[in-house]
Every structure is written in structure tokens, then in C-alpha cells.
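This is the structure I have questions about; it appears just below.
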Amino acid sequence: MFGKKSQQSPDLTSPENVAKGQKVYDRIVSGECKDVTAELNEAYGLSSKPEND
């Protein structure tokens with residue numbers, strides 16, 4: 001419990017983040033998106049690697 005870094009989730013309801021999510025969604029629907037998780041993590045500035053400290 002102690003000493004673990006907690007990663008806060010971004011506010012997905014903010015207008016900027018809704019637009020980012022919509023762009024990824026559009027890529028998914030069009031078939032351009034090959035790795036959904038990677039694209040969402042990149043869009044929201046998240047690390048796809050879990051913290052194991």
C-alpha cells in the first residue's frame with residue numbers, strides 16, 4: 001500500500017479529452033487503428049506499462 005505510485009485517471013469528460021477519444025474512436029471505426037490500448041494511452045498521455053513498485 002505505502003510507497004506505491006498511484007496514477008490518476010484523466011478527466012475523460014473534459015471537452016479536450018472527449019475530442020481526443022473521438023479521434024481514436026474514428027480511427028477504430030475506419031479500421032486504421034491497430035492497437036486501441038496504445039492509441040488511447042498515447043492520446044491521454046498514460047503509460048501502458050503497469051507500475052510494479
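What percent do you get for the relative contact order of the stretch 5-48 when only Cα pairs under 8 Å and 6+ apart count? Present the calculation step by step, with values, prior to reporting the outcome.
Details: 21 pairs, mean separation 13.9, N = 44.
Relative CO of the stretch 5-48 lands at 32 percent.
What length, rounded to one decimal in nm, is gained on full extension from Lys34 through to Asp11, with 0.36 nm per residue of separation minus their alpha-carbon distance?
Numbers: separation 23, 0.36 × 23 = 8.28 nm, distance 2.46 nm.
So the chain would gain 5.8 nm between Lys34 and Asp11.
Every number in this text was worked out from the coordinates using simple rules, so none of it is lab data. This is a predicted model, so every value here is computed, not measured.
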